[in-house]
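To start, the structure itself, in structure tokens.
The values are calculated or read from the model by the stated rules, or taken from the named source; none is laboratory data. Computed from a predicted model, the values in this text were never measured in an experiment. Note that we place each Cβ from the backbone using ideal geometry, even for glycine, and neighbour counts take in every protein chain shown.
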Amino acid sequence: MMNNLKIPEHVAIIMDGNGRWAKKLGLNRVFGHKNGVKAVREAVEFCGETGIKYLTLYAFSTENWNRPQSEIEALTNLLVETIVKEVPELHKNNVRLKTIGEISSFTENVRQKLNQAIEFTSKNTGLVLTLALSYSSRWEIIEAVKQIARKVANKEITPESINENIFEQYLTTSDMPNPELIIRTSGEQRLSNFLLWQAAYSEFYFPSVLWPDFSKKDFAEAIEEFQKRERRFGKTGEQIKQEL
Ligand code: IPE
Ligand code: IPE
Ligand code: MG
């Protein structure tokens with residue numbers, strides 16, 4: 001059973017396995033992406049029901065630009081369609097939409113639809129739903145380094161004053177806590193350039209379920225597993241037990 005008193009504040013999900021899901025049915029990969037939307041809805045609802053405050057979804061990586069052009073187009077069209085269709089419901093549920101990633105790489109239409117949805121839900125105070133789009137962690141870290149280097153060059157900060165807290169302020173996730181739990185579906189066990197800095201002390205969970213089949217039950221199982229873990233942050237197990 002899930003312990004309602006030990007719910008993580010921030011869960012990040014690498015939504016993987018859409019292509020394999022479609023292939024198993026003898027269908028086109030794009031069919032898998034379309035069916036992934038249902039799983040996104042389930043995950044968002046689950047967060048609302050359990051009180052998870054931040055949900056970050058890896059939807060499109062920088063490296064995904066190397067996929068066939070037809071798949072990229074299908075994915076971006078699906079993104080726009082889904083945003084337009086789902087925003088009223090998200091708004092009704094007090095969800096605030098955000099994006100992280102190099103949004104400037106998308107077409108004008110995509111950017112416009114995203115910005116409208118972000119603006120429309122910007123005053124909401126419930127779940128913060130962040131879509132990682134054209135995101136990669138190495139890109140994010142380099143962007144942070146560039147900004148800091150500029151400040152140093154302008155003598156606005158000194159190199160000596162740079163520390164972890166300062167550095168984090170330049171990441172795209174500066175306004176959210178680090179994820180306590182990172183889930184990747186489809187059985188793959190890698191980060192694929194997702195939240196490298198932020199995952200320093202995250203717990204990882206790798207269910208074999210393919211993303212379109214990911215349900216509230218699967219999410220609850222992930223939380224249950226998370227609740228069994230002992231997060232030690234370098235200390236000993238004995239120390240942690242004493243602190244409880
Ligand atoms: C995840 O599913 C969705 C995106 C990367 C956009 P995949 O498309 O990676 O599915 P598999 O890994 O090929 O099954
Ligand atoms: C990572 O999935 C990115 C997303 C889920 C959006 P991929 O399926 O593209 O990752 P790799 O390339 O197989 O590691
Ligand atoms: Mg994949």
Query - When residues of region 164-196 are limited to those that are within 15 Å of ligand 2 (Cβ to nearest atom) and of a type in the set (S, T, N, Q), the one surrounded by the most Cβ atoms within 10 Å (Cβ to Cβ) - result: Thr185
Requested in this report: Go through Ser134, Ser105, Ser70 for me and flag whichever is crowded, with 18+ Cβ neighbours inside 10 Å, within 16 Å of ligand 1 (Cβ to nearest atom) and of a type outside the set (D, E, K, R).
Outcome: Ser134
Query - Near pairs, Cβ below 7 angstrom, 6+ apart or cross-chain, from region 187-201 (farther than 25 Å from Asp213 by Cβ) to any residue that is within 13 Å of ligand 2 (Cβ to nearest atom) and not β-branched (Val, Ile, Thr) - result: Leu196/Ser137; Trp197/Ser137
Report summary line: Only one of Lys123, Lys146, Lys155 is loosely packed, with under 13 Cβ neighbours inside 10 Å, closer than 18 Å to Glu102 by Cα and at pLDDT 95 or above, namely Lys146
Requested in this report: With the checklist (1) within 17 Å of Lys216 (Cα to Cα); (2) within 16 Å of ligand 2 (Cβ to nearest atom); (3) surrounded by fewer than 21 Cβ atoms within 10 Å (Cβ to Cβ) in hand, flag the one item Ala39 doesn't pass.
Outcome: (3)
Query raised in the report: Restricting the search to region 83-140, which residues are in contact with a helix residue (DSSP H, G or I) (Cβ under 7 Å, 6 or more places away or on another chain) and of a type in the set (D, E, K, R)?
Result: Lys98, Glu102, Arg111, Lys113
Query raised in the report: Which residues, counting only those in region 204-223, are surrounded by 14 or more Cβ atoms within 10 Å (Cβ to Cβ) and either part of a helix (DSSP H, G or I) or of a type in the set (Asp, Glu) (or both)?
Result: Trp211, Pro212, Asp213, Lys216, Asp218, Phe219, Ala220, Glu221, Ala222, Ile223
**Report entry** Residue identified as within 16 Å of ligand 2 (Cβ to nearest atom) and on the phi < 0 side of the Ramachandran plot among Thr99, Thr158, Thr125
**Finding:** Thr99
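List the helices (runs of 4 or more DSSP H) that sit entirely inside region 1-103 and contain at least 3 residues that are of a type in the set (A, V, I, L, M) and free of Cβ contacts under 8 Å to residues at least 60 places away in the same chain.
Values: elements: 18-24, 29-50, 69-92.
In region 1-103, 29-50, 69-92 are the helices (runs of 4 or more DSSP H) which contain 3 or more residues that are of a type in the set (A, V, I, L, M) and free of Cβ contacts under 8 Å to residues at least 60 places away in the same chain.
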